[in-house]
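Bear in mind these aren't lab numbers, they're just calculated from the coordinates by the rules spelled out. From a predicted model like this one, the values you see are computed outputs, not experimental measurements. No Cβ is skipped: glycine too gets one built from the backbone with ideal geometry, and neighbour counts run over all protein chains shown.
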Amino acid sequence: MNITVIGTGYVGLVTGACFAEFGVHVTCVDKDEEKIAQLEAGSIPIYEPGLEEIVRRQKAAGRLSFTTDVRAGIQSSLVIFIAVPTPPQSDGSTDLSFVEQVGRTIGEHINGYKVVVTKSTVPVGTADRLRKIIGDSITQSGREQFHCSVASNPEFLREGSAVGDFMRPDRVVIGADDDEAVAILRDLYNPLYLIEVPFIVTNVATAELIKYASNAFLATKITFINEIANLCEAVSADVHLVARAMGLDGRISSKFLHAGPGYGGSCFPKDTASLAHFSRQMGVEQRVVTAVCEANEAQRDRMVDKIEGMVGDLDGATIGVLGLSFKPNTDDVRDSPAIEIVTRLQDRGARIRCFDPEAMDNAKAMLKDVEFCSDVYSAAEGCSALVLATEWNEFRMLDLPRIREALTEPVIVDLRNIYDPAEMRREGFRYSGVGR
Ligand SMILES: NC(=O)c1ccc[n+]([C@@H]2O[C@H](COP(=O)([O-])OP(=O)(O)OC[C@H]3O[C@@H](n4cnc5c(N)ncnc54)[C@H](O)[C@@H]3O)[C@@H](O)[C@H]2O)c1
């Protein structure tokens, strides 16, 4: 089977490369010429563990190709995945212009039956809207002899473990209103069916909503434990143990119960806001999700207050920040709590020295007047506090005497709770975690 993935970013590139591993012929299309040239030359534009080897192997095997020629991609394939951005707008709604543009282009070039699949996260009703856009475009281009199905196949991969998540997902969700599309998508995902990955096959609206409900629930879990952490600080309780005991209850589970600076990244903030927005448009208020969005915002302020509380006056202070990506094992800094905290510290007059193993190039485009350092110890040099903002593994085993030596004041603010408070005090630090 030939498939095309339009949009070769974090989701599209992983999707394309992994389907090629399944034995499918994949064309990855992107409008970004530089990105395609880089992929053609054999390197990948993002940091995602394990992905580069797969891309190289599948490209060499002739199953994976890259192009900016969207027409060729559309015409050569039976299944077309849309994996373009769906960014937030200021009112919380989703900007669907990228998806709609792809829909119009598909209608212009369609040359046979196609299954058009939204992998991008899109509000409920988008597949129906896309079907109409493609239909209108088919009519305008005089291609009425051809038609397509529009299906929803939301993606649940996590950056940093995207390849494993795609190859062994907890479930595959297929939303389609016709049997032909379902049969084709089942066929495409057969390698996962064979390893007994659960398949949820449903209508498009349900599939679209599953993605938002899942992300909003995870965001709620994070926010819930953050608010409990804030209470722990007021009553001298330890959120680490509260979360551990809660997580041992099988009905709750231990995942996503780590207190910290609040959720970030390119998905949770925009997806929670979008769910609240489109639900409101349907006349159904999402009170929980709306409160989660507000509490998450407040958590970021609280982190800056916490740092200020440990340092005294931030005005003129130099602060070292470890980690800039929104989570470890990725170079993605979109809506990263670390970036936000850096800019809020700067707003209060602080100078920043920072280090991240993979995300500094991307961070340079977002941060001004920051000293990007070559390693952890250089970031700590001459600082009145060191802030652990992202829990990269290499930050878990720091040479603490060397850090103490580098700092002007022995202050560590551990926003990811990766160190033990008692041990840090024994090491001579004034230490603050979150909720312990
Ligand atoms: N990143 C994640 O972890 C993740 C997980 C699940 C779902 N999603 C969803 O997947 C979608 C894509 O996210 P992403 O993180 O991969 O985005 P991304 O920004 O990394 O990649 C999107 C790519 O689409 C390209 N593009 C935009 N318009 C195009 C067009 N008309 N033709 C061809 N290419 C075009 C861009 O150049 C870019 O390379 C979003 O809806 C997102 O919410 C993301």
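Side notes on the structure shown:
- Sequence-distant residues sharing a close amide H with residue 81 (under 5 Å, placed H): 4, 5, 6, 117
- Expressed in Å, the radius of gyration and Dmax of the Cα atoms of the range 27-133 are 15.2, 46.
- The range 147-217 and the range 346-406 have Cα centres lying 39 Å from one another.
- Principal axis dimensions, largest first and in whole angstrom, of the chain by Cα: 75, 49, 40
- Calculated P(r) of the range 2-202 - Cα pairs past 21 Å, %: 50 percent
- Part-to-part distance (alpha-carbon centres) for the range 37-77 and the range 276-290, which is given in Å: 39 Å
- Per-q log10 I(q)/I(0), the range 383-422, q = 0.33, 0.34 Å⁻¹ (Debye; single scatterer per alpha-carbon; no solvent): -1.30, -1.30
- Nearest 10 degrees, 0 to 90: helix 51-60 Cα axis against the chain principal axis: 30 degrees
- Fewest neighbouring Cβ atoms within 10 Å first, the residues 405, 144 line up as 144, 405.
- Summary value for the chain: 12 percent relative contact order, contacts being C-alpha pairs under 8 angstrom separated by 6+ residues.
- Per-residue extension of 0.36 nm, minus the Cα-Cα distance of residue 249 and residue 422, leaves a gain of 59.6 nm for this segment.
- Shape of the range 265-340, Cα gyration tensor, a/c cut at 1.5: oblate
- Pair-distance distribution of the range 216-432: all C-alpha pairs, bin width 10 Å, starting at 0; shares per bin in whole percent are 8, 33, 36, 18, 4, 1.
- Positive-end residue of 346, 303, 379, charge dipole of the chain with Cβ unit charges: 303
- Kirkwood-based shape ratio for the range 1-81, expressed as Rg/Rh from alpha carbons: 0.91
- The angle separating the long axis of helix 179-188 from the principal Cα axis of greatest extent in the chain is about 60 degrees.
- Using Cβ point charges alone (K and R +1, D and E -1), the dipole size of the range 2-202 about the Cα centre works out to roughly 300 debye.
- Dipole of the range 2-202 [Lys/Arg +1, Asp/Glu -1 at C-beta], most positive-end residue of 85, 2, 156: 2
- Using the Cβ-Cβ distance between residue 214 and residue 347 with R0 = 45 Å, the FRET efficiency computed as 1/(1 + (r/R0)^6) comes to roughly 0.85.
- Residues in the range 256-272 carry Karplus couplings, in order, of 6, 10, 9, 5, x, x, x, 6, x, x, 7, 10, 4, x, 6, 6, 5 Hz; the curve used is 6.51 cos²θ - 1.76 cosθ + 1.60 with θ = phi - 60°, and Gly or Pro positions show x.
- Lysines with Cα under 19 Å of residue 119, excluding same-chain neighbours fewer than 8 positions away: 31, 132, 211, 270
- Remark: the residue 71-residue 179 segment gains 36.2 nm on full extension, using 0.36 nm per residue and subtracting the alpha carbon distance.
- Principal-axis tilt of helix 337-347 within the chain, Cα atoms, nearest 10 degrees: 50 degrees
- Per-residue 3J(HN,Hα) values for the range 210-222, derived from phi via the Karplus relation 6.51 cos²θ - 1.76 cosθ + 1.60 with θ = phi - 60°, read 4, 4, 5, 5, 5, 5, 5, 5, 5, 4, 5, 4, 4 Hz in sequence order (x marks Gly and Pro).
- Near residue 387, the amide H atoms lying under 5 Å from its own belong to 320, 321, 322, 413; only residues 5 or more places off or on other chains count, and H is placed 1.01 Å from N.
- Estimated from helices alone, the mean residue ellipticity of the chain at 222 nm is -14000 deg cm²/dmol (sum of -39500 (n - 2.57) over DSSP H runs with n ≥ 4, per residue).
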